[in-house]
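Please read the structure below before turning to the comments.
The values are calculated or read from the model by the stated rules, or taken from the named source; none is laboratory data. Computed from a prediction, not measured in an experiment: that's the story for all the values here. Every residue, glycine as well, gets a Cβ built from its backbone with ideal geometry; the counts of neighbours run over all protein chains shown.
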Amino acid sequence: MILGREKIAIVGSGISGMACAHFLHPFHDITLFEKDDRIGGHSNTVNAGNDPLDTGFMVYNEVTYPLLTRLFETLGVVTKPTSMSFSVQHVADSLEFNGGSLNLLFGQRKNLLKPRFWRMLMQINRFNKETIAELQQEEETKLTLGQYVEARGYGQDFLDWYLSPMAAAVWSSPPEKIEHFPAITLMRFWHNHGFLGLDTQHPWRTVVGGSREYVKKLVAPFQNRIKIASPVASITPRNEIVLESGYREKFDRIISAAHGDQALHLLASPTKLETKILSAFPYQANKAILHSDSQFMPKTKRCWASWNYRVDGDKHSTIYWM
């Protein structure tokens, strides 16, 4: 066992990599490798005029994210309350609603006289109650989301107008894939994030000045130990970091703070166990566009929310109102 100060490489400068470096650098000689020409990973702030806008990490709450909350407090990161309302716009069915309050739920007033809409609301209330009961069962359901909705008889409107749009927005996934998502995973997430009712939501907060402000504070003590634009080609069994440039360096320990598929790709000689574990995480590419075109927002201004899910035929998109 190596005792005392160690030479440690950290691959990836997302929140995991930055946090590892922050807590290790006082006691060890760390080097943080980042393939891009910027650090921060999912934390990315851009300027729109004089306004800082986050295109990745935007919000957090103190209940679901206690460790992040403690980190922000330790760093002295200034935060403020923000909204996390959600709306759905289903073009083919001429349907719009915002789940932020009872008034906004019927922001499109004609929904007051629409039996299908009332039936969907009843199923939402039923799903919320039954989810809490389901999470208390000793044996977890093995059903996918689509199978669970069909087995429990929640109905197609509940799936198409509410559950699928909200889940697709949260996980940035196509709705056809959401139906194959494990139902129990969604239930846990809904419960942990306070999504099971109008009065269960946790207060959400955002970083003043954008997420780049916490990134600056987090990396300030070891700024000179960060190597940007330094893509790692492989990690050898001898604890060597090999860059795409051909440069190689040996370390006592190496931390791969990357996504599972990326971490597996970096291993020069992965073991069967490493391959089994790291290949279990599927990923997909998503396109994000920063724009100011309000035509994609709900036509009813009352229905505008922080997250707006739009269904227009086979075109699905999530619009963040920032």
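Among the residues that make up segment 59-68, is at least one of them surrounded by fewer than 12 Cβ atoms within 10 Å (Cβ to Cβ) and within 21 Å of the chain's Cα centre (by Cα)? Before you say what the answer is, go through the steps one by one.
So in segment 59-68, the residues surrounded by fewer than 12 Cβ atoms within 10 Å (Cβ to Cβ) come out as 66-67.
In the following step, the residues that additionally are within 21 Å of the chain's Cα centre (by Cα) were identified as 66-67.
Yes, because at least one residue in segment 59-68 is surrounded by fewer than 12 Cβ atoms within 10 Å (Cβ to Cβ) and within 21 Å of the chain's Cα centre (by Cα).
Per this entry, Lys276 is not counted among residues that are closer than 24 Å to Pro52 by Cα, at pLDDT 95 or above and out of contact with any strand residue (DSSP E or B) (no Cβ under 8 Å at 6 or more places or on another chain). Only one entry in Glu138, Glu96 is farther than 27 Å from Trp321 by Cβ and in the same structural domain as Tyr162 (by TED's automatic domain parsing), namely Glu138. Residue count for segment 173-217, restricted to those that are without any contact (Cβ under 8 Å) to a residue 60 or more places away in the chain, assigned to a helix (DSSP H, G or I) and either among the small types (Gly, Ala, Ser) or over 22 Å from Ala151 (Cβ atoms) (or both): 2. Please determine whether any residue of segment 84-104 is over 30 Å from Val208 (Cα atoms), surrounded by 15 or more Cβ atoms within 10 Å (Cβ to Cβ) and in contact with a His (Cβ under 9 Å, 6 or more places away or on another chain). Yes: one or more hits.
Contact map, segment 89-101: residues that are of a type in the set (A, V, I, L, M, F, W, C) paired with residues that are loosely packed, with under 15 Cβ neighbours inside 10 Å, Cβ distance under 6 Å, separation 6+ or inter-chain. Pairs shown: Val91/Asp312.
Taking the conditions exactly as written (among the β-branched types (Val, Ile, Thr), touching a Phe, Trp or Tyr at 6+ places or on another chain (Cβ under 9 Å) and surrounded by 12 or more Cβ atoms within 10 Å (Cβ to Cβ)), does Val242 satisfy them or not? So Val242 fails the test.
Is it the case, given these coordinates, that Leu266 is assigned by TED's automatic domain parsing to the domain that holds Gly12 and either surrounded by 13 or more Cβ atoms within 10 Å (Cβ to Cβ) or among the aromatic types (Phe, Trp, Tyr) (or both)? Against the criterion (assigned by TED's automatic domain parsing to the domain that holds Gly12 and either surrounded by 13 or more Cβ atoms within 10 Å (Cβ to Cβ) or among the aromatic types (Phe, Trp, Tyr) (or both)), Leu266 qualifies. Could you please let me know if Arg253 is among the basic types (Lys, Arg) and surrounded by 15 or more Cβ atoms within 10 Å (Cβ to Cβ)? Taking the combined requirement at face value, the residue does not satisfy it.
Within segment 174-187, at least one residue is surrounded by 15 or more Cβ atoms within 10 Å (Cβ to Cβ), closer than 18 Å to Val91 by Cα and not assigned by TED's automatic domain parsing to the domain that holds Phe57. Checked against (1) in a loop (DSSP other than H, G, I, E, B); (2) under 21 Å from Asn286 (Cβ atoms); (3) at pLDDT 95 or above, Phe27 passes all but condition (2). Only one entry in Ala9, Ala48 is loosely packed, with under 14 Cβ neighbours inside 10 Å and either touching a strand residue (DSSP E or B) at 6+ places or on another chain (Cβ under 8 Å) or touching a residue at least 12 places away in the same chain (Cβ under 8 Å) (or both), namely Ala48.
Which of the residues spanning segment 69-81 are surrounded by 13 or more Cβ atoms within 10 Å (Cβ to Cβ) and either outside the structural domain of Ala19 (by TED's automatic domain parsing) or farther than 25 Å from Leu196 by Cα (or both)?
Leu71, Phe72, Leu75, Val77, Thr79
Taking Val63 as meeting all but one of (1) over 22 Å from Ser230 (Cβ atoms); (2) in contact with an Asp or Glu (Cβ under 8 Å, 6 or more places away or on another chain), write down the number of the exception. Looking at each condition in turn, Val63 falls short on (2).
Looking at segment 253-322, the strands (runs of 3 or more DSSP E) lying wholly inside it that each contain 3 or more residues that are within 24 Å of Gln89 (Cα to Cα) and in contact (Cβ under 8 Å) with a residue 24 or more places away in the chain sit at 307-312, 315-320.
In the set Pro237, Pro231, which member is in contact with a strand residue (DSSP E or B) (Cβ under 8 Å, 6 or more places away or on another chain) and assigned by TED's automatic domain parsing to the domain that holds Asn61? Of Pro237, Pro231, the one residue that is in contact with a strand residue (DSSP E or B) (Cβ under 8 Å, 6 or more places away or on another chain) and assigned by TED's automatic domain parsing to the domain that holds Asn61 is Pro231.
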